[in-house]
Amino acid sequence: MDRRVVGVETEFGLAHHGGERRGLPPEEAARYLFRPVLDWGRSSNVFIPNGSRLYLDVGSHPEYATAECDRLTDLIASDRAGELIMHDLAVRAEQAMAADGYAGTLYLLKNNIDSQGNSYGSHENYLIPRTTHFRRLSTILLPFLVTRQLLAGAGRIVPAADGRGAHWAFSQRADHMWEGISSATTRARPIINTRDEPHADAGVHRRLHVIVGDSNMSETTQLLRFGSTDLVLRMIEAGVPLGDFELEDPIVAIRTISHDLTGTAAVPTRDGRRVTAVDVQAALLDRARRFVAEHGAHHEHVDAVLELWERTLQAVSSGDHALIETDVDWAIKKRTVEDVAARGGLELDAPRLTQVDMAYHDVHPERGLFRVLERRGRATRLVDDDAVRRATVAPPATTRASLRGRFLSTARAFGVEHQVDWVQHKLVDRPLEALMLKDPLAVEEPRMEALLDKLGDRAARLQELDLEQRAAQPGPLALSERYRVRGAPPPDPPLI
Amino acid sequence: MAPHTQGGAERRPQDARQEETVDGGPGAGDAGAAGGSAQARQQAEELDGLLDEIDSVLESNAEEFVRGFVQKGGQ
């Protein structure tokens, strides 16, 4: 597959701080947060004009699932658009709460763990051919994912416990995984979830659902995370011999590796060897380099992925974390925590440093520490602010999401009841003409055009609004109407 | 193929570090040392600015902030 469809789902943590009074509990705060969503779509589980999905999930976590993307920078922009969307909703929720007498600050954190060790996820979906041998997923992909935290961990200060003092870990999620491969999610979180809903032609594709990843803030870390995983999948799909790193106990291994920033902790393989995380990653990187040399780069960022992959392994094995201090989340965060600690003479167990750890993931564009670092040149960018803002309203142009976005925005413009999900497109009054679009790379569909034409003369009646016109609408930007119907009154002016 | 601009951006930190080593390294001439200290002063100012900004955006009661951040588990 030269073009692979990838998506990422992010669960956000939220906390309301009430100032004088006690803040609202997360469930209450989540209800305020989703009030504009409910008003817009009469549900707290909706597909929005940019083709993504916005919903309240298990445990009252606000969740955003990016539209299906086939270009890494689109995926990064769409994921980051999710942060902007959550922030927009948070600002409105604060105002609504204040109006009800609950003045305070609402924090939305794109992290994976709270102060009591509750965890919530960042789930990746990769479309893979159904012919992929499941066996190779456990012998190659699982060890890759167990050790991928070196490349893409968000970093965490682990509080003192069980006789070990406070210390750094690569990953926020590693301690919360309980199985290698299984069908469970909350009950026994597996690294690879076998829930197989491809949202595509199930005879040809299956969905690889990876729930081991940390939520990333850094764009270069995202590039490395998705880019390296795609390369490993490509090699598996091509049948390239990749050796066997099957681990004796992936769950013990993932924890051991997470808590050892030197990357030298050895873990047993099934065939009785002992390998380090760097061993596994370096072997796969070496094969990936050879694979790319032989088959050519299949997208424009392959060289950047390989370069950062190598540099990160070098940083871990040499202990010179400065090599990646602007590019990989755990190292960006650790550098800042160390700077704050040095100024205040703080030890790693100081609450201030855990606060820095958490605030790194705050989605607030001014207050969030990752944003502060980025503005000061301490984090490398790949997509600019304009691209992210556009991604809050515009679906990726190269996938089915573009059809979904246009379908739902057109139906809304004509005031017609409709239902959409990843594959389904239905006008409620015309159930027999519902369209199942099983090709996630489809960007043209004559049947959909014919169906939408029945709603009215689109060319004559619909005027597509630009970004600023949409921003001027009173609701959240992501939920703004894409079309104005000619002859209809203009949308309400913004509330002042 | 990787766009050169992007590769360049990613290598910036390495270049910056190499300059540091050269400036502060043994055998640096007077001009180099003066340049190095100016650069070091600028870096210290930037770091101070960053740490001040971090102080200004974080809630003052760190312990309360951390303890108050409690969620239910998700997936």
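The values are calculated or read from the model by the stated rules, or taken from the named source; none is laboratory data. All of these numbers come straight from a predicted model, not from anything done at the bench. Here the Cβ is made from the backbone with ideal geometry for all residues, glycine too, and neighbour counts use every protein chain on show. Areas reflect the complete protein model, heavy atoms only, side chains present, ligands, DNA and RNA absent. Shrake-Rupley method; radii C 1.70, N 1.55, O 1.52, S 1.80 Å.
Structure notes:
- Within the range A:332-383, considering residues that are touching a His at 6+ places or on another chain (Cβ under 8 Å) and not hydrophobic (A, V, I, L, M, F, W, C), the one surrounded by the fewest Cβ atoms within 10 Å (Cβ to Cβ): A:PRO365
- Unmet requirement for B:ARG17, which otherwise passes all of (1) modelled with pLDDT of 90 or more; (2) facing another protein chain (nearest Cβ under 7 Å); (3) surrounded by fewer than 15 Cβ atoms within 10 Å (Cβ to Cβ): (1)
- Pick from the range A:283-295, criterion open to solvent by less than 30 Å² (accessible area, probe 1.4 Å) and more than 13 Å from chain B (Cβ to nearest Cβ), ranking: farthest from A:MET235 (Cα to Cα): A:ALA283
- Residue pairs meeting the criteria (Cβ under 7 Å; at least 6 apart or on separate chains; first more than 8 Å from chain B (Cβ to nearest Cβ) and within 20 Å of A:ALA90 (Cβ to Cβ), in the range A:340-365; second open to solvent by less than 50 Å² (accessible area, probe 1.4 Å) and of a type in the set (Ser, Thr, Tyr)): A:HIS361/A:SER215; A:ASP362/A:TYR107
- Some residue of the range A:384-392 being of a type outside the set (D, E, K, R) and surrounded by 22 or more Cβ atoms within 10 Å (Cβ to Cβ): yes
- The range A:122-213 holds strands (runs of 3 or more DSSP E) entirely within its bounds, and those carrying 2 or more residues that are modelled with pLDDT of 90 or more and over 23 Å from B:VAL66 (Cα atoms) map to A:122-129, A:205-210.
- On the stretch given as the range A:42-63, residues that are away from chain B (no Cβ under 13 Å) and in contact (Cβ under 8 Å) with a residue 12 or more places away in the chain total 9.
- Counting the residues of the range A:435-464 that are without any contact (Cβ under 8 Å) to a residue 40 or more places away in the chain and touching a His at 6+ places or on another chain (Cβ under 7 Å) gives 2.
- Qualifying residue in the range A:178-198 (condition: surrounded by fewer than 23 Cβ atoms within 10 Å (Cβ to Cβ), in contact with a Lys or Arg (Cβ under 7 Å, 6 or more places away or on another chain) and within 27 Å of A:GLU300 (Cα to Cα)): yes
- Number of positions in the range A:246-274 that are farther than 19 Å from A:LEU284 by Cα, without any contact (Cβ under 8 Å) to a residue 24 or more places away in the chain and outside any loop (DSSP other than H, G, I, E, B): 2
- Those residues of the range A:296-331 which are more than 8 Å from chain B (Cβ to nearest Cβ), open to solvent by 10 Å² or more (accessible area, probe 1.4 Å) and in a loop (DSSP other than H, G, I, E, B), in sequence order: A:GLY296, A:HIS298, A:HIS299, A:GLY319, A:ASP320
- Residue match in the range B:36-50 (condition: among the charged types (D, E, K, R), at pLDDT 90 or above and surrounded by 11 or more Cβ atoms within 10 Å (Cβ to Cβ)): yes
- Candidates in the range A:112-128 are the residues that are open to solvent by less than 10 Å² (accessible area, probe 1.4 Å) and more than 9 Å from every other protein chain (Cβ to nearest Cβ); of these, the one that is nearest to A:ALA169 (Cα to Cα) is A:SER122.
- The range A:436-466: number of residues that are within 18 Å of A:PRO49 (Cβ to Cβ), open to solvent by 40 Å² or more (accessible area, probe 1.4 Å) and among the hydrophobic types (A, V, I, L, M, F, W, C): 1
- Check on A:GLU28, modelled with pLDDT under 95, of a type in the set (Asp, Glu) and part of a helix (DSSP H, G or I): yes
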